[in-house]
Structures are given as structure tokens and as C-alpha cells.
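Accompanying notes for the structure given below.
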Amino acid sequence: MEQDWHSRMCLLIVLVCATRPAAADTFYVRAGGDDRADGRTPATALSSIARAAAMVENPGDQVVGGPGVYREGNISPARDGIPGRPIRFVADRSGAATGDAPGPVVLTPPRSATAAFLLIGRQYVSIEGFTIVGAADAGIQVRPAADGQRNSSNIEIAENEVRQSQKRGIDVSAAGPVVLRGNQVTDSGSGGIVVTGCREEWAVCSGQSLPGLVPTIVGNTAAGNGGHGIFVERAQQGLLQNNRSFGNGAAGIIVRGSANMVLANNLVYGNSADGVAIGTADLASPSPKIVNNTIFGNGAWGIRIGGSAAASPDALVLHNIVAANSRGGIAVARPSACGYVAGFNLVADGYGNDTPHNEYDLGDDPRFVDPTGGDFRLRSGSPAIDAGSATVAQMNIGGSTSEDNLPDRGIVDLGFHYDNLPSPIRITEPFMPLFVRKGGDDGNDGLSPATALASIAAAGLKAAAGITVIVGPGEYREGDIRVRPDWGRIAFAGDPASLLTGDPPGPVLVNAGGQSDTGFVLLNSCRVALQNFHVTGAQTAGIQIRAGSNGAQVAH
């Protein structure tokens with residue numbers, strides 16, 4: 001018995017030791033190194049990054065490349081990292097780690113290589129700080145395993161400069177979390193930054209345990225590329241923030257087949273097609289949030305959401321500056337109007353024919369410092385200053401919009417904030433009331449209790465894109481109250497306690513007087529809400545909900 005116990009303990013110790021990762025190693029590469037060396041010190045550095053990559057043995061190993069030019073490509077580590085211990089490729093531009101003079105760490109892939117870094121089915125790998133010039137395909141390329149049985153995931157690509165790739169600049173097809181941070185991608189033959197999730201035709205996508213692609217694309221620059229600046233497809237819950245995309249041969253930022261994406265604080269200008277395009281090419285992208293971007297001088301629409309066959313409903317468009325785009329400011333396809341909310345934008349170049357919009361947007365000149373020279377700071381007196389719906393602190397946004405470079409404070413300014421924080425912006429849907437009161441006037445704007453409208457029907461036809469019609473106490477002798485078809489998310493709220501309108505409390509009564517067919521009729525009014533009313537005197541029904549009114553809410 002005692003011998004069996006000792007045997008089991010020995011086996012347990014062996015198993016524990018076998019599963020514990022070995023200590024991480026650092027392999028050094030220098031322009032004057034030697035691939036016959038061990039690479040474990042700067043004095044015994046290797047001469048090629050690919051040789052160091054082949055020597056990687058343990059999670060957490062890193063390859064440190066010193067300043068110089070390395071003519072090599074298709075670099076990939078011999079194994080994966082693990083959570084908390086990625087395999088790292090680090091460019092030592094300062095020369096502090098390798099003992100060299102400061103300078104870029106340059107990779108120029110030969111014709112025999114398609115890319116500088118080529119990760120196929122790799123996981124937990126980081127590539128940081130390299131300059132990559134003239135790749136035959138993409139400067140950095142990430143792909144599923146060739147046998148279609150394993151996807152790449154948990155990849156970080158940070159602070160690299162990728163120039164003059166013959167096809168795409170950075171090209172990632174992966175699952176799970178992917179981070180692209182602080183890269184500069186210029187003059188690629190096709191797209192600049194391209195990040196895509198699983199395609200149905202890939203075997204690796206069938207029954208995989210990994211989550212869908214979740215991209216974090218923050219602080220990158222994509223400029224002068226032949227295709228789209230930043231392209232995202234088949235992703236979910238992603239963040240595109242603090243990026244600059246300009247002078248590209250197609251759209252500045254395009255998101256397709258991706259749900260719940262956040263596009264916040266990006267500067268997008270001078271691209272040949274749309275500035276920002278969401279849910280195009282029959283690949284719907286529902287529930288995007290497009291917040292605090294500056295979108296200027298693009299060759300088509302500033303912001304385009306959805307198409308005839310790619311409904312992308314429930315978008316939120318908030319705090320953007322959209323100006324001088326060739327086709328116009330914001331275009332929302334009719335199938336994408338369901339649940340659409342937009343306000344507190346400065347849209348200087350108008351809207352598409354079917355695009356819901358309301359009076360909480362501005363239409364003035366934003367007064368940029370020098371847009372033709374790429375300076376989109378705001379001059380003193382710009383209508384975009386302090387024009388938002390929340391404070392800087394509430395939104396967790398930093399940096400400056402103004403020509404004096406002082407930090408934005410108090411009510412948030414519209415548009416792109418230079419030197420914003422890297423942490424995600426907090427986004428809250430704005431409250432946009434339209435007031436109706438007894439004694440109001442239908443010639444008023446309805447934006448305050450003092451300028452209230454007189455009839456609920458007039459407010460219904462005026463409401464759009466996230467408006468809440470607040471109706472004060474009293475009897476309103478009217479009926480057949482409706483909203484414009486496919487005109488975004490709208491709510492009607494009686495205010496019997498008079499918390500917002502300032503009148504004496506009392507019921508909010510809609511009296512159709514026996515003359516109207518209905519009190520309220522919701523037709524092609526997706527996501528409309530109705531609450532706190534008394535309805536009487538309708539010939540057919542007090543409230544009717546008809547075709548195209550999916551998601552209607554009727555309460556109290």
C-alpha cells in the first residue's frame with residue numbers, strides 16, 4: 001500500500017512538471033550577427049529573424065531584432081504562445097537591447113517570399129515595431145492553417161510601419177481577439193488594413209470552438225493605399241477608434257457582415273469612395289455605433305449605412321462632423337432605417353433621400369483650421385464646440401479638437417479629438433425630446449417646453465431618428481396620429497405628472513371625437529414606442545399596429 005502511494009505521488013509530480021511551461025528565452029538578431037551562433041545574447045546574436053523564429057521553443061519566448069536591414073520574409077514562429085505568454089517579435093529601434101545605434105528595423109522580403117511575417121494557424125503571437133517595405137503580397141499576413149483545421153487567433157500587430165506592399169498592407173484572417181494598434185500602412189497596391197473573420201468555404205470555420213473575430217483596431221494610419229483604407233468583414237463586437245484613413249483609392253473605412261461594431265473618434269478624409277460605409281455588398285452589419293468621427297471631402301457619401309439587400313438596422317450616429325463629401329453627408333438605405341438613431345452631428349452636406357434626420361443635427365460650416373492641409377482642428381467660434389449631448393467625463397474621451405490644442409472640457413465637442421485616450425469611449429444614446437403642450441403652436445420648433453407644438457399629429461410627422469415626443473397633460477382632440485414611414489426609432493410619451501413640460505399634472509387624453517378611424521396608427525414604423533396615454537372616440541381602434549411596425553412597444 002505504501003509503495004503504491006509513493007508511486008502515485010511520483011507520477012503526479014512528473015505530470016505537474018510536464019505541464020508547467022519552461023522559462024521564456026530571448027533570441028537576439030543583429031545586422032552583423034551569425035546564424036551559427038546561439039542567439040541568446042547580443043554578443044552571440046543571429047543574423048536573421050527567420051532563424052530566431054525557428055528556434056522558439058517555449059511560450060513567452062521573444063525575438064529581438066536590432067536596427068538594420070534584413071532581406072528575408074515569410075517569418076513565422078516554430079510554435080504558439082499561450083494566454084499571458086505570447087511569442088513576441090520585437091523591433092529594438094532604440095538599440096538599447098542589442099547595443100546598436102538607434103534606427104529602424106527594416107524587413108525587405110525577397111521575391112521568393114510573399115510577406116515579411118506570415119502566420120498560418122498561429123495563436124498568441126505579437127509583432128511589434130518593424131518597418132516592412134515592398135512585400136510581394138502583404139507586409140504582414142495572418143491566415144488559417146493550410147489544412148483548414150486550425151485558425152489563427154489572439155494576434156497583436158503593433159507600432160509597425162508597412163509601405164509599398166504590392167497587394168494589401170496588413171492582411172488578417174482570424175478568429176477570436178485580434179489587436180492592430182498604432183500601425184502606419186501606406187502606398188499598398190490594394191487595401192491598407194484588411195481584417196476578416198471566417199468564411200463559410202473554409203473548413204476551419206465549421207464547428208470551431210473559437211469565438212468569431214473580435215477586432216480592436218486603434219490608433220492606426222492608413223494612407224495612399226490603392227483600395228480601402230481600413231476594411232473589416234465578418235466580425236463582431238469590434239472597436240475601431242483613433243484611426244486616420246485618408247487618400248485611399250476606395251472607402252476610408254468599410255465594415256461588412258459585422259455586428260455591434262463601434263467606430264469612434266476616427267479621422268477619415270480625401271478617400272475616393274465613401275468615407276465610412278457600413279453593411280454594403282449584401283453583407284449586413286446591424287447595430288453599429290458611429291461616434292465622434294470627422295469625415296471630410298470623400299468621393300462619395302460621408303457615411304453610408306446599408307443597401308437594398310443588406311439591412312443594417314439599429315445604428316447610432318452621434319457627435320460626428322460630416323462635410324464636403326461629393327455625394328452628400330449621411331445616407332441610410334430604407335431597409336436600415338429600423339431603429340435608427342442620429343443626433344448632435346454637424347452635417348454640412350445634407351442627407352440621402354430616405355435618410356431619417358432631426359433638428360438635433362447642425363448644418364453649419366465646421367470651421368476647420370486647414371482641411372486641405374489635413375488640419376481638422378476647430379477654429380474659435382466653431383458651431384461644433386460644446387455641441388454634444390454629454391460631457392467629456394461621461395464619454396471618457398480626451399485630447400483636443402481646438403486650434404489652441406487645449407484639452408476638451410465640459411460638454412463634448414463634435415468630431416475627431418487629437419491625442420484621444422486609447423481606452424474605449426463610453427457611448428450613451430442621447431435624449432432628444434420634441435414637446436407638445438396645450439397652448440403650444442405647430443409653427444414652433446418643439447425643442448423646448450417654451451417652444452412646444454400644439455398637436456401630437458404635427459409632432460409625429462416631425463419626429464425622426466431617435467426623437468421622443470413628450471406630451472403634456474390635457475385633452476388633444478385629434479386622431480390618426482402617425483409617423484413618417486421608415487423614419488427611424490421614435491417614441492411618444494405622455495407626461496401626466498408633468499415632470500418635463502411644467503404644466504399642472506393630469507391625464508394625457510387623445511380624443512378622436514368619433515371622427516377619426518384611430519387614435520394612433522403605426523404603419524411601417526419599426527421600433528416605435530407609445531406609453532402613458534388615454535385614448536377615446538376612435539371609430540375603429542384606439543391604437544393600431546400594422547405592417548412594418550416590428551418591435552413596437554405599447555405600454556401603460
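Look at (i) 26.9, 88; (ii) 28.7, 98; (iii) 29.7, 127: the one that is Rg and Dmax of the Cα atoms in Å derived from this structure is (ii). For the stretch 430-536, the solvent-accessible area with a 1.4 angstrom probe is 38 square angstrom per residue.
Would you work out the charge dipole size for the chain about its Cα centre, treating the Cβ of every Lys and Arg as +1 and the Cβ of every Asp and Glu as -1, and quote it to the nearest 20 debye?
Working: 41 positive and 51 negative charges, 183 e Å.
My answer is approximately 880 debye.
Heavy-atom surface analysis with a 1.4 Å probe gives the stretch 313-379 a carbon and sulfur content of 42 percent of its accessible area.
If a spin label sat at a point 7 angstrom from the Cα of ALA529 along the line to its beta carbon, the backbone N atoms of the stretch 292-319 nearer than 16 Å would be those of 314-316.
Dividing the summed -39500 (n - 2.57) terms of all DSSP H runs of n ≥ 4 by the residue count of the chain sets its mean residue ellipticity at 222 nm at -2000 deg cm²/dmol.
Magnitude of the charge dipole for the stretch 302-391, about its Cα centre and with charges confined to Cβ atoms of Lys, Arg (+1) and Asp, Glu (-1), is about 200 debye. When both bridge partners sit in the chain, DSSP labels roughly 5% of those beta bridges antiparallel. Please compute the modelled spin-label separation between GLN539 and THR44, points set 7 Å along Cα→Cβ, answer in nm with one decimal. It is 9.7 nm. Check the straight Cα-Cα distances from LYS438 and name the lysines below 24 Å, setting aside those fewer than 8 residues away within the same chain. Cα-Cα hits under 24 Å: LYS462. The label point for ARG484 and the one for GLU403, both projected 7 Å from the Cα toward the Cβ, are 3.6 nm apart. Between exposed trypsin sites (Lys or Arg not before Pro) in the chain, where DSSP calls loop and at most 10 other Cβ atoms lie within 10 Å, what's the longest gap? Value returned for the longest uninterrupted segment is 112-556. Measuring with a 1.4 angstrom probe and ignoring ligands and nucleic acids, THR428 comes out at about 100 Å² accessible. Separation of the stretch 55-90 and the stretch 336-359, taken as the distance between their Cα centroids, equals 48 angstrom. One Cα centroid belongs to the stretch 377-447, the other to the stretch 236-255; the line between them spans 22 Å. With respect to the chain, whose longest principal axis is taken over its alpha-carbon atoms, helix 2-19 is tilted by about 70°. Surface calculation, 1.4 Å probe, protein heavy atoms: SER400 sits at approximately 10 Å² accessible. Here's the picture: charge each Lys and Arg Cβ at +1 and each Asp and Glu Cβ at -1 in the chain, and of LEU499, THR468, ALA37 the one pushed furthest to the positive end of that dipole is ALA37.
The values are calculated or read from the model by the stated rules, or taken from the named source; none is laboratory data. Treat the numbers as computed from the prediction; the structure is a model and nothing was measured. We place every Cβ from the backbone using ideal geometry, glycine too, and count neighbours over all the protein chains shown. Calculation scope for accessible area: heavy atoms of the full protein, side chains included, ligands and nucleic acids excluded. Shrake-Rupley method; radii C 1.70, N 1.55, O 1.52, S 1.80 Å.
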